[in-house]
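Trainee: Take a look at this one; I'll ask things after.
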Amino acid sequence: MPTTTGTPSRCPSCAHDLVPPEVGTVSWCPACRWNLEVYDVALAPWRGTRAIGRWGFRRGLKLDRSTHEQLLADPQGREAGASTGEVWLLAVSVVLALLGVAALGHLGWLVVASDLSPGIRLVLAIPAVLVLLLVKPSFGRVPRHGLITERAAPELHRLVREVADAAGTPVPDVICADLSINAGVAQLGWRQRSVLVIGIPLWVMLPRAARVSVLAHELGHLANGDPLRVRWTLPARTFGARAVAATGGRNPWRRALGTADSLAERQGGLVVLLGMAVHATIALVNVVGATVQLLVDSVAMPDSRRAEYRADLVARRVAGTAPFLRSSETVLLADRIWRDLWHLAPRIDGEQLEELAAETRQRLAVQLPLARQVSRRATDLWSTHPSEDQRMRLIEALPDVDGTLRVDDTRWAAIDTELKPWRRAAHHALLGTRDRF
């Protein structure tokens, strides 16, 4: 049985050296994975208490195992329909939308209610305004900056079209770039236009074939209808988080006590009591909002994690097994690669980023086994994504495939030329971050 106390320096199962306690607080064996699937408060996301975090860790592992079994049995299968969680979230979203409509109607009644004094109207309007702030629809905005037009990057647009065709989804309406170590897809605005976002730092770190895998993964979300499902259930997904943000964020009781101490130093008597009552109420609303969000996420995140696995299967089919695994390895090492590029930034220019990132990626490859296992330690029911280790294990358990799309070096060179201004911007971002240290 795994243990969390008194761990020896060698594995009791295979006598291999254990990962030292400096990596988290609980040692494990990197060879046979003894003690790996044990909750470690230093590596798992903090969820308020250790008991909740431990339960979320175990539940996340169980969920990943069951999802693996389902997808390994039928990797090409599509969802049979809305899950129980999606139905529940949709029902809650409808109730919240009706609550918002009722709040609007209440405000309208206050406007025409001539027999009420202005002061009473104001008092009666406050609850309705608070409800509207918590349930108001949010359609997002299509980015105005970072747009990559087809005129500026015809080869990139051609590649995205080919990936979309291979993934079985319409071509995104908008392609834009930003300076995050990430990539994403969303449906934004009143017209729900599909937007593909390419994080240039991640793009330059990825091997070329792995870039196709990342594009296929993101467009796989469109093929599976994930952004639309999220959009329909967004009121339920964001209600608790909005309540927490509106009441000050994390640590509400610490903030309330601090405010009470501050009031006691400057005021006295009734003012202090009223201030304590107000801030205690705010803290209570904050806790209720956080609890609601935790409950909602425990329903929503399993579907989100399953959506990531299904998008990974699209990436495997379009780009191939090896490119998918290279993309996951790059994500695992991305922060370390970027840190090394940060040190080199004053001595290089934007055109050298890709070459130096490849050298750094190769040098750091020895850290990949441990990085995969550490990511597994961060498993959590409430995380939107499974760990990289779990995602890689699913693809590794399936037969190797070559993928349906190949891009030659000539085309990659043309795409690199089109994105030259963005590589330069990424280099400037590296230089700019030095001002923060």
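Trainee: Considering amide H positions built from the backbone, and no H for Pro or chain starts, which residues 5 or more places from Leu147, or on another chain, come under 5 Å of its amide H?
Mentor: So Leu147 has HN proximity to Ala177.
Trainee: For the chain, with all protein chains present and a 1.4 Å probe, just round the carbon and sulfur fraction of the accessible area to a whole percent.
Mentor: 61
Trainee: Hey, if we sort Ile148, Ile282 by accessible area with the 1.4 Å probe, largest down, what's the order?
Mentor: The ordering from most to least exposed comes out as Ile282, Ile148.
Trainee: Rounded to the nearest 5, what % of the DSSP beta bridges within the chain are antiparallel ones?
Mentor: Looking only at bridges with both residues in the chain, the antiparallel portion is about 60 percent.
Trainee: Near the amide H of Leu381, under 5 Å away, which other amide H atoms are found, from residues 5 or more places off or on another chain, if H is placed in the peptide plane?
Mentor: When sequence neighbours closer than 5 places are left aside, the close amide H contacts are Phe57, Gly60.
Trainee: Another question, if that's okay. Using Cα pairs closer than 8 Å and at least 6 residues apart in sequence, work out the relative contact order for the stretch 320-437, in percent.
Mentor: 44
Trainee: Would you pull out the residues with amide H under 5 Å of Ala183's amide H, same chain only if 5 or more places away, H placed 1.01 Å from N?
Mentor: Long-range HN contacts for Ala183: Gly199.
Trainee: Loop-only check: which trypsin sites (Lys or Arg not before Pro) in the stretch 149-193 are DSSP coil with at most 13 other Cβ within 10 angstrom?
Mentor: Those satisfying the criteria are Arg151, Arg191.
Trainee: Using θ = phi - 60° and the Karplus curve 6.51 cos²θ - 1.76 cosθ + 1.60, what whole-Hz ³J(HN,Hα) does each residue of the stretch 142-153 get, with Gly and Pro shown as x?
Mentor: Values per residue, Gly and Pro as x: 5, x, 9, 10, x, 5, 10, 7, 5, 5, 7, 9 Hz.
Trainee: Can you tell me, using C-alpha contacts under 8 Å and at least 6 residues apart, the relative contact order of the chain as a whole percent?
Mentor: 20
Trainee: What whole-number value in Å² describes the accessible area per residue of the stretch 284-325 for a 1.4 Å probe?
Mentor: 29
Trainee: Determine the calculated [θ] at 222 nm for the chain from helices alone, applying -39500 (n - 2.57) to every DSSP H run no shorter than 4 residues and normalising by the residue count; nearest 500 deg cm²/dmol.
Mentor: -20500 deg cm²/dmol
Trainee: If you don't mind, another one. Residue by residue through the stretch 314-326, what is 3J(HN,Hα) from phi via Karplus (6.51 cos²θ - 1.76 cosθ + 1.60, θ = phi - 60°)? Round to whole Hz and write x for glycine and proline.
Mentor: Result, rounded to whole Hz: 5, 4, 4, 5, 7, 9, x, 5, 4, x, 4, 5, 5.
Trainee: Which residue fluctuates the most in the chain, going by a Gaussian network model with Cα springs under 10 Å, if the choices are Glu86, Glu22, Glu359?
Mentor: Top of the fluctuation ranking is Glu22.
Trainee: Quick one: Karplus J couplings for the stretch 388-398, per residue in order, coefficients 6.51, -1.76, 1.60, θ = phi - 60°, nearest Hz, x for Gly and Pro?
Mentor: Going residue by residue, I get 4, 4, 5, 5, 5, 5, 5, 5, 5, 6, 8 Hz, with x marking Gly and Pro.
Trainee: May I ask for the angle, rounded to the nearest 10°, between helix 252-266 and the longest principal axis of the chain, with both axes built from Cα atoms and the value confined to 0 to 90°?
Mentor: 50
Trainee: Here's another thing I want to ask about it. Chymotrypsin sites (Phe, Trp or Tyr not before Pro), restricted to the stretch 75-142: which are DSSP loop and have at most 13 other Cβ atoms within 10 Å?
Mentor: The qualifying sites are Phe139.
Trainee: Using mean Cβ contacts within 10 Å as the protection proxy, how do 55-65, 243-253, 118-128, 397-407 order, highest first?
Mentor: 55-65, 243-253, 397-407, 118-128
Trainee: Starting from the residue with the highest accessible area, list Leu274, Leu36 in decreasing order, probe 1.4 Å.
Mentor: Largest to smallest exposure gives the sequence Leu274, Leu36.
Trainee: Under a 1.4 angstrom probe, counting protein chains only, how are Ile348, Ile181 ranked by accessible area, largest first?
Mentor: Largest accessible area first, the residues go Ile181, Ile348.
Trainee: For the stretch 335-400, what does the accessible surface come to per residue with a 1.4 Å probe? Please give it in Å².
Mentor: Normalised by residue count, the accessible surface of the stretch 335-400 is 47 Å².
Trainee: While we're looking at this one, here's another question. Once the Cα atoms of helix 353-363 and of the chain are each reduced to a long axis, what angle between those two axes, in degrees from 0 to 90 to the nearest 10, is obtained?
Mentor: Here the helix axis deviates by roughly 80 degrees.
Trainee: Give, as a single signed number, the net charge of other residues whose beta carbon lies under 15 Å from the beta carbon of Ala51, with Lys and Arg counted +1 and Asp and Glu -1.
Mentor: Around Ala51, the charge tally is +3.
Trainee: Tell me, what is the percent relative contact order of the stretch 11-127, built from C-alpha pairs under 8 Å that lie six or more residues apart?
Mentor: Relative contact order of the stretch 11-127: 11 percent.
Trainee: What per residue convex hull volume, in Å³, do the alpha-carbon atoms of the stretch 65-153 yield?
Mentor: With only Cα atoms used, the stretch 65-153 gives 232 Å³ per residue.
Trainee: Then there is this: Where in the stretch 99-177 are there GluC sites (Glu not before Pro) that are in a DSSP coil and have at most 16 other Cβ atoms within 10 angstrom of their Cβ?
Mentor: Answer by residue number: Glu150.
The values are calculated or read from the model by the stated rules, or taken from the named source; none is laboratory data. These figures come from a predicted structure and were not determined experimentally. Ideal geometry is used to build each Cβ from the backbone, glycine not excepted, and the neighbour counts take in all protein chains shown. All accessible areas refer to the heavy atoms of the entire protein, side chains included, with ligands and DNA or RNA removed. Shrake-Rupley method; radii C 1.70, N 1.55, O 1.52, S 1.80 Å.
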